[in-house]
1. How high is the FRET efficiency between Ala89 and Lys47 when r is their beta carbon distance and R₀ equals 25 Å, given to the nearest 0.05?
2. May I ask you to order 111-117, 22-28 by the average number of other C-beta atoms within 10 Å around their residues, highest value first?
3. Stretch Arg99-Ala143 to full length: gain in nm at 0.36 nm per residue minus the Cα-Cα span?
4. At R0 = 41 Å, how high is the FRET efficiency between Arg111 and Ala158 if r is their beta carbon distance? Nearest 0.05 is fine.
5. Based on Cα positions only, what radius of gyration and what Dmax would you give for the range 43-170, in angstroms?
6. Where the eigenvalues come from the Cα gyration tensor of the range 45-113, what are the semi-axes √(5λ) of the equivalent ellipsoid, largest first, in whole Å?
7. When ligands, DNA and RNA are left out and all protein chains stay put, how many square angstrom of accessible area per residue does the range 1-140 have with a 1.4 Å probe?
8. Tell me the label-point distance for the pair Asn73, Ala122, using the 7 Å Cα-to-Cβ offset, in nm and rounded to one decimal.
Amino acid sequence: MTSARGEGAPLDEFDGYTAAYLCGGPARVVLVAVLALYERRAVRISKGARRADAVVREPGDPVEAAVLAAIPNAGRPLGQVIAEAAESAAVLAVADPLRKAGLMRGGRPTRRGRAVRRSLTAEPGPSQAGRLAALGPDGVEDARLREILQARDPKPVALPRDRRRGHRNLGSSNLSDPRFDGGDYGGGSGGGGGD
């Protein structure tokens, strides 16, 4: 295999996270961790709502721990999970070896880093994680999961808010209006008498 770093280091030295960071940044690293958790059935993602729920909270590494920490017990939209976990120290630390190797400067790939990125995308490998790391969601073979990863979170439903409380149209509610029944809760005429 050709040299990845220009220093005789093979592409095989890149794990899924470093390849993902070089090819797509912190959010791509989180997607690779989400995929690993999904494949182990530790995370469930609903297709319609694109909601992530943690089923098993046993991370295999610090990046998976950051993903699971971003999912509350009630679940959360996947886009929010990705955004929060991408800012975690564990995910941002994935770039450190890339910087030390001269493949990144700050948050951007160097010229050598771009060359390595082209090599990674040209030969992403057979694993679904490797394909996701190099190609993004388009590289995922599972059509259902690919569609979920490519989609955006659905917009929250905005319910109308009315400052007035109570029923707006009493006439259509089929409720009696106590102003017109004479105060007699029995429904009678309220007439008097009776010995």
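The values are calculated or read from the model by the stated rules, or taken from the named source; none is laboratory data. What you see is a predicted model, and the numbers here were worked out from it, not measured in a lab. Cβ coordinates were reconstructed from backbone atoms using ideal geometry, including for glycine residues, and neighbour counts include every protein chain displayed. We work out accessible area using only protein heavy atoms, side chains counted, and drop any ligands, DNA or RNA first. Shrake-Rupley method; radii C 1.70, N 1.55, O 1.52, S 1.80 Å.
1. With R0 = 25 Å, the Cβ-Cβ based efficiency is 0.20.
2. 22-28, 111-117
3. Difference between extended and current length: 12.4 nm.
4. For Arg111 and Ala158, the calculated efficiency is 0.30.
5. For the range 43-170, the Cα-based Rg and Dmax read 19.9, 74 Å.
6. Semi-axes (√(5λ), whole Å): 29, 13, 9.
7. Accessible area per residue, the range 1-140: 49 Å².
8. 5.2 nm
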